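Let me begin by presenting the structure, written as C-alpha cells, before commenting on it.
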Amino acid sequence: MKYKLIKIKKESNGVVWLTFDGPKMDFKPGQSLILKYEFKNDSGNETTTENKVVNRMYSFASSPTRENIELCVKKVEGGLVSCALQEIIPGTELGLKGPIGKFYFDEENDKDLVMIGCGCGIVPFLSILDYLNEKKLDIPVKIFISNKTQCDIIHKNSLETLSAENNKVKILFNLTREPEPVSCCNKMGRIDKGYLESNLDNVSGKTFFICGTDSFAESMKKILLEMNVKESQIKISAYG
Ligand SMILES: Cc1cc2nc3c(=O)[nH]c(=O)nc-3n(C[C@H](O)[C@H](O)[C@H](O)COP(=O)(O)OP(=O)(O)OC[C@H]3O[C@@H](n4cnc5c(N)ncnc54)[C@H](O)[C@@H]3O)c2cc1C
C-alpha cells in the first residue's frame, strides 16, 4: 500500500523522523512494518527500465491511536535505505506493509514495564509511551537506554522532559564511549547485572522489553535470566 510522506524532521545526529499519510494501519504499540524503497534505474542499461525495490523493517514510532504513521530512522554509514531516507522530500510516496511482529505492548497482561534498548532500539518504546500517554494508562515504566555518546541519544530532550514530568516513567541513560562523565548520564559504561539490579526493586510481575542489536539483546536476556526473570516475561526485537 502506498503512503505519502507529509512531514520530515531531522535531528542533528543522523536521525530522521518521517510522517506518512495513508490508509489506517491497525497495529499495536511496539510493532514494526516493512518499508519498500524504490531506487530509480540509472544503470544506463537500456534493456531494462525496472526500478530496484529494497525492503527494510522499521518500528512504528508513535501510537496507533494517531492519525498518521510516524517512523524514526537512524542513518547507518554505508547503509542503502537509511542513507536514502535522509534525502527524501515531502510528497514522495512509499510502500508500507504491516504490521509485523509479536513485540508489542499487550494492554491486558503487561501491567509493569521495563524497557531496555540501545541506539534506535528506543523507537518501539516511543510508540508504547505515546500510547500509554494517549490512553492515560497508569502503568509504571522504567526505561534503560544505552548509547555510545550523548549525541547519539534519539529524542533526548523529550525523553528527559517526560521522565521529569511523569512520576510513573523513569528513564535511565548509560553511555559506553564518552571519555568524560556526562550530567544526563546515569552510568558510564555498558548495562550490566549490578546496574539493572540496583535500579529494579524486584522482577516479579514485570514485562521486560529488549530492543537493539542481536548481541545487545542476547547479553541483556542472559542477565535477566540470571536475575530470575522468566522467559515468558521477556519480549525481544533484535536486528543485525
Ligand atoms: C524489527 C526491526 C525493526 C527495526 N526498526 C528500526 C527503526 O525503528 N529505526 C531504524 O533506524 N532502524 C530500524 N531497523 C533497522 C533497519 O531495518 C535497517 O537495517 C537499517 O535502517 C539499515 O538499513 P540500510 O539499508 O541503511 O543498511 P544496509 O544497506 O542494509 O547496510 C547495513 C550495514 O551493512 C553494511 N553493508 C551494506 N552492504 C555491505 C556489503 N556489501 N559489504 C559489507 N557491508 C555492507 C553497511 O555499511 C551498513 O553498516 C529495524 C530492524 C528490524 C529487524
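Could we say that residue 26 is closer than 29 Å to residue 235 by Cα, exposed (fewer than 11 other Cβ atoms within 10 Å of the Cβ), outside the structural domain of residue 231 (by TED's automatic domain parsing) and more than 14 Å from the ligand (Cβ to nearest atom) here?
Answer is yes for this residue.
Quick grid of which residues meet (1) in the same structural domain as residue 216 (by TED's automatic domain parsing); (2) open to solvent by 80 Å² or more (accessible area, probe 1.4 Å); (3) in contact with a Phe, Trp or Tyr (Cβ under 9 Å, 6 or more places away or on another chain); (4) not charged (D, E, K, R):
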position	(1), (2), (3), (4)
133	yes, yes, no, yes
138	yes, yes, no, no
152	yes, no, no, no
174	yes, no, yes, yes
179	yes, yes, no, yes
185	yes, no, yes, yes
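Testing residue 100 on (1) farther than 20 Å from residue 137 by Cα; (2) aliphatic (A, V, I, L, M); (3) open to solvent by less than 40 Å² (accessible area, probe 1.4 Å), one condition comes back false. Which one is that?
(3)
Given the options 6, 89, name the one that is farther than 30 Å from residue 202 by Cβ, more than 15 Å from the ligand (Cβ to nearest atom), among the hydrophobic types (A, V, I, L, M, F, W, C) and in contact with an Asp or Glu (Cβ under 6 Å, 6 or more places away or on another chain).
Step by step, each of 6, 89 is checked, and only 6 is farther than 30 Å from residue 202 by Cβ, more than 15 Å from the ligand (Cβ to nearest atom), among the hydrophobic types (A, V, I, L, M, F, W, C) and in contact with an Asp or Glu (Cβ under 6 Å, 6 or more places away or on another chain).
Among the residues of the stretch 222-239, is there at least one that is aromatic (Phe, Trp, Tyr) and within 16 Å of the ligand (Cβ to nearest atom)?
Scanning the stretch 222-239 turns up at least one residue that is aromatic (Phe, Trp, Tyr) and within 16 Å of the ligand (Cβ to nearest atom).
Being under 28 Å from residue 209 (Cβ atoms), out of contact with any helix residue (DSSP H, G or I) (no Cβ under 9 Å at 6 or more places or on another chain), within 11 Å of the ligand (Cβ to nearest atom) and open to solvent by less than 20 Å² (accessible area, probe 1.4 Å): is that true of residue 71 here?
no
Any residue in the stretch 165-186 that's in a strand (DSSP E or B): show its pairings with residues that are open to solvent by 80 Å² or more (accessible area, probe 1.4 Å) and of a type in the set (Lys, Arg) at Cβ separation under 9 Å, as long as the two are six or more apart or on different chains.
These pairs meet every condition: 174/190; 175/148.
Among the candidates 193, 206, which residue alone is surrounded by fewer than 14 Cβ atoms within 10 Å (Cβ to Cβ), more than 23 Å from residue 61 (Cβ to Cβ) and modelled with pLDDT of 95 or more?
After applying the criteria, what remains is 193.
Which ones in the stretch 100-131 are β-branched (Val, Ile, Thr), in a strand (DSSP E or B) and farther than 18 Å from residue 206 by Cβ?
Residue satisfying the conditions is 100 alone.
The values are calculated or read from the model by the stated rules, or taken from the named source; none is laboratory data. Just so you know, these numbers come straight off a predicted model, no measurement behind them. Glycine gets a Cβ as well: all are built from the backbone with ideal geometry, and neighbour counts include every protein chain shown. These accessible areas exclude ligands, DNA and RNA; they are computed on the full protein's heavy atoms, side chains included. Shrake-Rupley method; radii C 1.70, N 1.55, O 1.52, S 1.80 Å.
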